[in-house]
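Student: Would you mind keeping the following structure in view while I ask a few things?
The values are calculated or read from the model by the stated rules, or taken from the named source; none is laboratory data. Keep in mind that this is a model prediction, so the values were computed, not measured. Counting neighbours? That spans all protein chains shown, and the Cβs are built from the backbone with ideal geometry, glycine included. Heads up: the accessible areas ignore ligands, DNA and RNA and are worked out on the full protein's heavy atoms, side chains in. Shrake-Rupley method; radii C 1.70, N 1.55, O 1.52, S 1.80 Å.
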Amino acid sequence: MIAIYITTENMTAEQHAEGRKRLHEAGAPDDAMKLHSVFGEEGKLQVLDIWDSQEAFDSFLGYLVPILEGLGIKLSAPPTIMPVVDLVQ
């Protein structure tokens, strides 16, 4: 498993909700995503996801990147990707 940490310059709760809707409509595969969380300051929301594998996340990126661009969401840095040692749910 891997953790993906994404920081944005400008994502709002409304943009996040619209992005989730568009991903669903596009048929984005997210069954390999074990956890999705969005948190932080409105207008600079951050994301922490847990994925089964790098390959599963890479496949999802094909859907995600155009949607982020379409919504005008900008990342403040490249995503941080780290192995997961333990996950308690």
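Student: Any idea how many residues of segment 54-88 are on the phi > 0 side of the Ramachandran plot and in a helix (DSSP H, G or I)?
Tutor: Of the residues in segment 54-88, 0 are on the phi > 0 side of the Ramachandran plot and in a helix (DSSP H, G or I).
Student: If you check every pair at least six apart or on different chains, which have Cβ atoms under 6 Å apart with a residue in segment 6-23 that is without any contact (Cβ under 8 Å) to a residue 24 or more places away in the chain and within 19 Å of Trp51 (Cβ to Cβ) first and a residue that is open to solvent by less than 20 Å² (accessible area, probe 1.4 Å) and not in a helix (DSSP H, G or I) second?
Tutor: Within 6 Å, no pair qualifies.
Student: Filtering segment 41-60 down to residues that are in contact (Cβ under 8 Å) with a residue 24 or more places away in the chain and open to solvent by 50 Å² or more (accessible area, probe 1.4 Å), which residue is farthest from the chain's Cα centre (by Cα)?
Tutor: So, considering only residues that are in contact (Cβ under 8 Å) with a residue 24 or more places away in the chain and open to solvent by 50 Å² or more (accessible area, probe 1.4 Å), the one farthest from the chain's Cα centre (by Cα) is Glu42.
Student: Across segment 1-18, what is the number of residues that are closer than 15 Å to Pro79 by Cβ and open to solvent by less than 70 Å² (accessible area, probe 1.4 Å)?
Tutor: Counting residues in segment 1-18 that are closer than 15 Å to Pro79 by Cβ and open to solvent by less than 70 Å² (accessible area, probe 1.4 Å) gives 7.
Student: From His36, His16, His24, which residue is part of a helix (DSSP H, G or I) and either in contact with a strand residue (DSSP E or B) (Cβ under 9 Å, 6 or more places away or on another chain) or within 26 Å of Pro83 (Cα to Cα) (or both)?
Tutor: Answer to the selection: His16.
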